[in-house]
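The values are calculated or read from the model by the stated rules, or taken from the named source; none is laboratory data. The structure presented is a predicted model; accordingly, all values stated were derived computationally and were not measured. Because the Cβ atoms are built from the backbone with ideal geometry, glycine has one as well, and the counts that use them run over all protein chains shown.
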């Protein structure tokens, strides 16, 4: 949850979290950061009264598909670990496991990447690909006066918050996909000015492409998964579906377009099943 | 809606000047929010470092109305709104662009400091009192506001001779660790210029984590260096024992 910087003590609507029934010393000892943040930034003393909370996007369970042992993706030589990689946390990550994830799989990815680098020779590169990538990167400088990358970003945030948020419906998700197409067209016209030195507007106009791809992948998968499981909640399908329990959504690029495929959830290896049974 | 004027430095290593921007004010806004507004609506190429916006990462250091501050922790309503609010980059580090400076010197200093090394046969138990003492130093978020503020660096540019308060805090955390077996006193005296600090405590004033830098880190380290190298009785005993 995030401290609401916009609340007033006399707000009449909103969700409030109250731990003031606990002794003040206990609250300060267990939640020192939270106590200070609320005090300094919102003049709220959480040992004395409630704090306003609101939902926000905190962590993405999906991500790049990787091999469990080496953290290598389906692109040879590309490794991913942590929040960027998918599959470790299932439908909802437990608190604290992100940090342990990074340490364990970050190390695995590093070791595997080093071994890979020793094994393979430098790939030959296609200069025309490099040239067209450069051209694409620099395009926003010639687009000036058309679309602000910040405006597209704001609208993307608004869109995802409203239509692909915590509680999802078929109608909302369908609408989101239509709107994302429009945003993609606007992002292609995003323009920036100034120099290439540390230009955040330029960085954003490039990042928008990835943001839109990920947003579309999330919306497509959410639309297809007609059940509620973990962090994915469908108002129109509020229960778990045993068929979906056995399936992953995989997003791939086919013929230049985004395609969704389904892939079976692998059976848990015997030795891990034994560990769980022993609990 | 109420508005304020932010006077922000625009420029690079070759020079620059401040530019005024009008920004709408909302309750609870911090200076970083205002900078984001400028980026989003008025100057898309305004270079600003930031990340967590929660006072934890140490990225958003700048000088607001003449004081080194984290822009994500400086409330707009703490500042006088009837005159322009100046936002300048940290003075002690070379400018890259606008509010972004090159703080890499700090990481070069850090590499001079030998890491924690336990004594052989260490029993891995620490008392809570020892933990509490060292925990204070580990609160540091490497915002480098103390480095920016310290006159030895800021006014006298002694980067070749002086490590700065941040690294005295780091070394204090290592030296006061009960299980660490190294001695960093010579490093402090000869390479990191601990003696150049004249305990004016400006660093302590700007630390966003409220680490008592001078009182709890620098002065005890000075005492250790003095005990080892300048105590006449110690020196006499050393001479007698032929060390």
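So the values come out like this:
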{"quantity": "Residue match in the stretch A:95-114 (condition: in a loop (DSSP other than H, G, I, E, B), closer than 30 Å to residue B:135 by Cα and not assigned by TED's automatic domain parsing to the domain that holds residue A:229)", "calculated": "yes"}
{"quantity": "Single residue of B:11, B:58, B:66, B:15 found to be crowded, with 19+ Cβ neighbours inside 10 Å, more than 10 Å from every other protein chain (Cβ to nearest Cβ) and at positive phi", "calculated": "B:58"}
{"quantity": "Matching residues in the stretch B:177-202 - criterion: being more than 20 Å from residue B:154 (Cα to Cα) and part of a loop (DSSP other than H, G, I, E, B)", "calculated": "B:177, B:178, B:179, B:181, B:182, B:183, B:184"}
{"quantity": "Test for residue B:129: is it farther than 22 Å from residue B:57 by Cβ, modelled with pLDDT of 95 or more and not in a loop (DSSP other than H, G, I, E, B)", "calculated": "no"}
{"quantity": "Within the stretch B:18-44, considering residues that are closer than 26 Å to residue A:190 by Cα and touching a residue at least 40 places away in the same chain (Cβ under 8 Å), the one nearest to the other protein chains (Cβ to nearest Cβ)", "calculated": "B:33"}
{"quantity": "Answer residue from the stretch A:164-194, given it is in a loop (DSSP other than H, G, I, E, B) and in contact with a helix residue (DSSP H, G or I) (Cβ under 8 Å, 6 or more places away or on another chain) and is farthest from the other protein chains (Cβ to nearest Cβ) among those", "calculated": "A:164"}
{"quantity": "Options A:197, A:276, A:240: the member that is under 20 Å from residue A:87 (Cβ atoms) and assigned to a loop (DSSP other than H, G, I, E, B)", "calculated": "A:240"}
{"quantity": "In the stretch A:118-151, the residues that are more than 14 Å from every other protein chain (Cβ to nearest Cβ) and surrounded by 11 or more Cβ atoms within 10 Å (Cβ to Cβ)", "calculated": "A:132, A:136, A:137, A:138, A:139"}
{"quantity": "Per-region count, the stretch A:158-180, residues surrounded by fewer than 13 Cβ atoms within 10 Å (Cβ to Cβ), under 24 Å from residue A:59 (Cα atoms) and without any contact (Cβ under 8 Å) to a residue 24 or more places away in the chain", "calculated": "2"}
{"quantity": "Filtered residue count, the stretch B:100-113, keeping only those that are part of a loop (DSSP other than H, G, I, E, B) and out of contact with any strand residue (DSSP E or B) (no Cβ under 7 Å at 6 or more places or on another chain)", "calculated": "4"}
{"quantity": "Count - residues of the stretch B:90-111 that are within 14 Å of another protein chain (Cβ to nearest Cβ) and surrounded by fewer than 17 Cβ atoms within 10 Å (Cβ to Cβ)", "calculated": "2"}
{"quantity": "Residues (surrounded by fewer than 17 Cβ atoms within 10 Å (Cβ to Cβ) and touching a helix residue (DSSP H, G or I) at 6+ places or on another chain (Cβ under 9 Å)) located in the stretch A:80-109", "calculated": "A:98, A:102, A:106"}
{"quantity": "Selection count where residues are part of a helix (DSSP H, G or I) and either farther than 22 Å from residue A:250 by Cα or out of contact with any strand residue (DSSP E or B) (no Cβ under 8 Å at 6 or more places or on another chain) (or both), scope the stretch A:78-94", "calculated": "2"}
{"quantity": "Candidates B:137, B:144, filtered to the one that is surrounded by 14 or more Cβ atoms within 10 Å (Cβ to Cβ), more than 14 Å from every other protein chain (Cβ to nearest Cβ), touching a strand residue (DSSP E or B) at 6+ places or on another chain (Cβ under 9 Å) and modelled with pLDDT of 95 or more", "calculated": "B:144"}
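Residues are listed down the side, and each one gets a yes or a no for (1) within 27 Å of the chain's Cα centre (by Cα); (2) assigned to a loop (DSSP other than H, G, I, E, B); (3) within 14 Å of another protein chain (Cβ to nearest Cβ); (4) modelled with pLDDT under 95:
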site: A:19; (1), (2), (3), (4): no, yes, no, yes
site: A:27; (1), (2), (3), (4): no, no, no, yes
site: A:35; (1), (2), (3), (4): no, no, yes, yes
site: A:38; (1), (2), (3), (4): yes, no, yes, yes
site: A:44; (1), (2), (3), (4): no, yes, yes, yes
site: A:49; (1), (2), (3), (4): no, yes, no, yes
site: A:52; (1), (2), (3), (4): yes, no, yes, yes
site: A:56; (1), (2), (3), (4): yes, yes, yes, yes
